[in-house]
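Each remark here refers to the structure printed beneath this line.
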Amino acid sequence: MKTDIVLAGVGGQGILSIAAAIGLAALENSLQIKQSEVHGMSQRGGAVQSHLRISSDSIASDLIPLGSADLILSVEPMESLRYLPYLSKNGWLVTNIKPFINIPNYPGIEEILNEVEKIPNSVVIDADKIAKEAGSLRASNMAMLGASVPFLDIPYENIQNGIRQIFGRKGDKVVEINLAALEAGRKASEEKKTRNS
Amino acid sequence: MEKLLLLGAEAIAKGAIDGGMSGVYAYPGTPSTEITEYVQNSKYAKENNLHSRWSANEKTAMEAALGMSYAGKRAMVCMKHVGLNVAADPFVNSAITGVNGGLIITVADDPSMHSSQNEQDSRFFGKFALIPVMEPSNQQEAYDMAYSGFELSEKFKLPVMLRITTRLSHSRAAVKTSEIKKQNETSYPEDPIQFVLLPSNARKRYKLLLNLQGTIEEASENSEFNNYFDGKDKSLGIIACGIAYNYLIENFHGDKSPYPILKIGQYPIPSGKITQIYNECKRILVLEDGYPLVEEQLRGFFNKDNKVDGRLNGLIPRDGELNPDIIAKALGIKTITGNPVPKIVANRPPELCTGCGHRDIYEALNEVMKEFGPQRVFSDIGCYTLGALPPYNAINSCVDMGASITMAKGAADAGIIPAVAVIGDSTFAHSGITSLLDAVNEKSPITVIISDNSTTAMTGGQHSSAHGKIEDICRGLGVEPEHIKIITPLKKNHEDFVKLLRDELNYKGVSVIIPRRECIQTAAKSKKTEKLEKESTD
């Protein structure tokens, strides 16, 4: 198997924590991974992306070739569109609906959703709402991670273990909230995937 | 031996620790910062007293590493590509002095300038200094080269360069580690005047270096990192350096390449292997992430055979980072692109954080500069360089570390009076101090704003080496005490700040204004750590 994922967001939104959780899960499942990150200047509120490649065979390039990503996972709706040239014909676009507006010319949300709907396989979820219901807005990224689960060839338990590993240091309560957000994100995404496929 | 998931930068740090390193020296700079940070966070490094504290700049780092090598121990110095310009003097001369303990100079280049002022290729510097250069294609090789690099250095008694690019530095993959080697014991160089580069001695040392060239080329020829992979189709031979090899292999989708490939990971260029592929194949495609170093040498000035393709004839773009698609195009492989980016997607450049003190500085500066005229604010390298972008458009230069002060001085010498410099605390410590001395010595009519957020913020909040010493340094350099002013950059102090700036801009000598407020990122981080520590002790 091979899954190529483009993670998208805005510097500071923490897409690397999603990448880390998937990476740990893949590793636990004895899969190969390569994950390219953006550090430095763009982390100050600029557009950021991470290429995450998971495969049962060895992986050559740290970058995903154009037109071949299986999944764009974005924590911000406009950013989900920025990497469309990477998405394969059968790939899925999964995005959070909550805009992060730090530029004066940010487009209207209807316009964005209109573009997202043009992609044959897309899932839009309200990760912020899901996270709040799970106990903390800060778990929004883990809700997005949950939303990616139906598109990964990695057992769900491995993903849960990844979260336990990452948040373990912060105590049981934090782990619980993040696991709940993960589960709610997964459910929401699963439903929409079935509806949209 | 274990298997770890590491960034390329971290793999180098781990390889160096396991390879018996006694210390790392560096100034933070993207994409090299994570090497030193990994050593700083390593339990083993702490227990075994490995040096890992940040240096004031790349030159001091390079010199300290050379000193550790003089004392027989293995040392690494790390920097971004432009940092090597700062360290160039000791770097080039370290090839003439040679080393005692193994010395690795790790340089992280930034093709496409993700976080830099240029995309210079450090392999040229390695060739210039006449030393071996290693260039890993993946994280495992990054580990292995750092691990074995000290021995290579000790074998030739020469420093060795380890060159990576941003993509490898910031990409994670599994790395298998090797057995930890013991640190060297302290020892003196065999020859007590080896490091004395008086002309009479330097000439001898330089001859020695020249005489070694055949041997280090032979090492390249036999290096495990330089591999010739034969292919049936000799219409094309491909030379792939460092990470370019991965982008190339990606295009064969798990199948073997039909063309012969020469993978290069160690320089000088292995002449035997190069000659073989050049003679066997009808055309040669050179893939290198950076400048056309190998390509230029293969073509030669007259390009007689006209059979080399690459950046110089436009088959590969002349600038910017490589990727699998660029190489596919060069190979004539058809690629598919997903949907285009919709027109509504707006550009989202980086910006100063909400609540950042630099913002308050530019608010005040822009207001007061209306009175003094346009295009006279010289700035420097750090988060505050973002003041060049909207909404502030407040600065007119960003060239190299420390240049703000000296450029302001030069502009004032030429009649732009008053001129202003905006520099951060860490950049001031790095290279601004001598600049300020020049200005003080001539009583230049400049106002220097040292924006003190008490950290090296852009690279993630590393220790700033002049922390707590800035006023003392300014006084020591001879700035008049009544023209060293401190203010807290906050909205509520805006009017005071504007007035202070106006007064000092009107002073016909050197003024230093220090707006001081901790970086909100590091402040938030230390608050978080405090909270965690409190929770764990409760």
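The values are calculated or read from the model by the stated rules, or taken from the named source; none is laboratory data. It should be emphasised that the depicted structure is a prediction, and the values quoted were computed from it without experimental measurement. When we count neighbours, we look across all protein chains shown, and the Cβ atoms used for this are built from the backbone with ideal geometry, even at glycine.
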Considering only residues that are among the hydrophobic types (A, V, I, L, M, F, W, C) and in contact with a helix residue (DSSP H, G or I) (Cβ under 7 Å, 6 or more places away or on another chain), look in segment B:400-418 and name the one that is surrounded by the most Cβ atoms within 10 Å (Cβ to Cβ).
B:405
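Only one of A:75, A:116, A:123, A:174 is touching a strand residue (DSSP E or B) at 6+ places or on another chain (Cβ under 7 Å) and either over 30 Å from residue A:28 (Cβ atoms) or at pLDDT below 95 (or both). Can you tell me which?
Details: A:75 fails: either over 30 Å from residue A:28 (Cβ atoms) or at pLDDT below 95 (or both); A:123 fails: either over 30 Å from residue A:28 (Cβ atoms) or at pLDDT below 95 (or both); A:174 fails: touching a strand residue (DSSP E or B) at 6+ places or on another chain (Cβ under 7 Å).
Result: A:116 is the single residue among A:75, A:116, A:123, A:174 that is touching a strand residue (DSSP E or B) at 6+ places or on another chain (Cβ under 7 Å) and either over 30 Å from residue A:28 (Cβ atoms) or at pLDDT below 95 (or both).
Let me confirm something: among A:101, A:112, which residue is more than 29 Å from residue B:243 (Cβ to Cβ) and more than 9 Å from chain B (Cβ to nearest Cβ)?
Values: A:112 fails: more than 9 Å from chain B (Cβ to nearest Cβ).
Of the residues listed, the single one that is more than 29 Å from residue B:243 (Cβ to Cβ) and more than 9 Å from chain B (Cβ to nearest Cβ) is A:101.
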Can you name every residue in segment B:154-170 that is away from every other protein chain (no Cβ under 14 Å) and either within 13 Å of the chain's Cα centre (by Cα) or crowded, with 24+ Cβ neighbours inside 10 Å (or both)?
B:158, B:159, B:160, B:161, B:162, B:163
Name the residue that is modelled with the highest pLDDT, counting only residues in segment A:19-54 that are assigned to a loop (DSSP other than H, G, I, E, B) and over 23 Å from residue B:80 (Cβ atoms).
A:31
Filter segment B:87-99 down to the residues that are touching a residue at least 60 places away in the same chain (Cβ under 8 Å), surrounded by fewer than 24 Cβ atoms within 10 Å (Cβ to Cβ) and within 21 Å of the chain's Cα centre (by Cα) and list them by number.
B:93, B:95
Of (1) at the interface with chain A (Cβ under 10 Å from one of its Cβ atoms); (2) touching a helix residue (DSSP H, G or I) at 6+ places or on another chain (Cβ under 9 Å); (3) surrounded by fewer than 22 Cβ atoms within 10 Å (Cβ to Cβ), residue B:390 satisfies every one except (2)
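Condition first: touching a residue at least 40 places away in the same chain (Cβ under 8 Å) and facing chain B (nearest Cβ under 7 Å). Can you find one or more residues in segment A:77-84 that meet it? Before the answer, list the steps.
Residues of segment A:77-84 that are touching a residue at least 40 places away in the same chain (Cβ under 8 Å), as a first pass: A:77, A:79-80, A:82-83.
Then drop every residue that is not facing chain B (nearest Cβ under 7 Å), which leaves A:82.
Checked segment A:77-84: at least one residue is touching a residue at least 40 places away in the same chain (Cβ under 8 Å) and facing chain B (nearest Cβ under 7 Å).
Check every one of the helices (runs of 4 or more DSSP H) wholly within segment B:1-82 and list those with 2 or more residues that are among the aliphatic types (A, V, I, L, M) and touching a residue at least 24 places away in the same chain (Cβ under 8 Å).
Values: elements: B:8-18, B:33-41, B:43-47, B:58-70.
In segment B:1-82, the matching helices (runs of 4 or more DSSP H) lie at B:8-18, B:33-41, B:58-70.
Report whether or not residue B:273 is crowded, with 17+ Cβ neighbours inside 10 Å and in a helix (DSSP H, G or I). Before you say what the answer is, go through the steps one by one.
Working: crowded, with 17+ Cβ neighbours inside 10 Å: yes; in a helix (DSSP H, G or I): yes.
Yes: the conditions hold for residue B:273.
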Among the residues of segment A:88-128, which ones are among the charged types (D, E, K, R), part of a loop (DSSP other than H, G, I, E, B) and either more than 23 Å from residue B:351 (Cβ to Cβ) or out of contact with any Asp or Glu (no Cβ under 7 Å at 6 or more places or on another chain) (or both)?
A:118, A:126
With the checklist (1) without any contact (Cβ under 8 Å) to a residue 40 or more places away in the chain; (2) more than 9 Å from chain B (Cβ to nearest Cβ); (3) in a strand (DSSP E or B); (4) among the hydrophobic types (A, V, I, L, M, F, W, C) in hand, flag the one item residue A:16 doesn't pass.
(3)
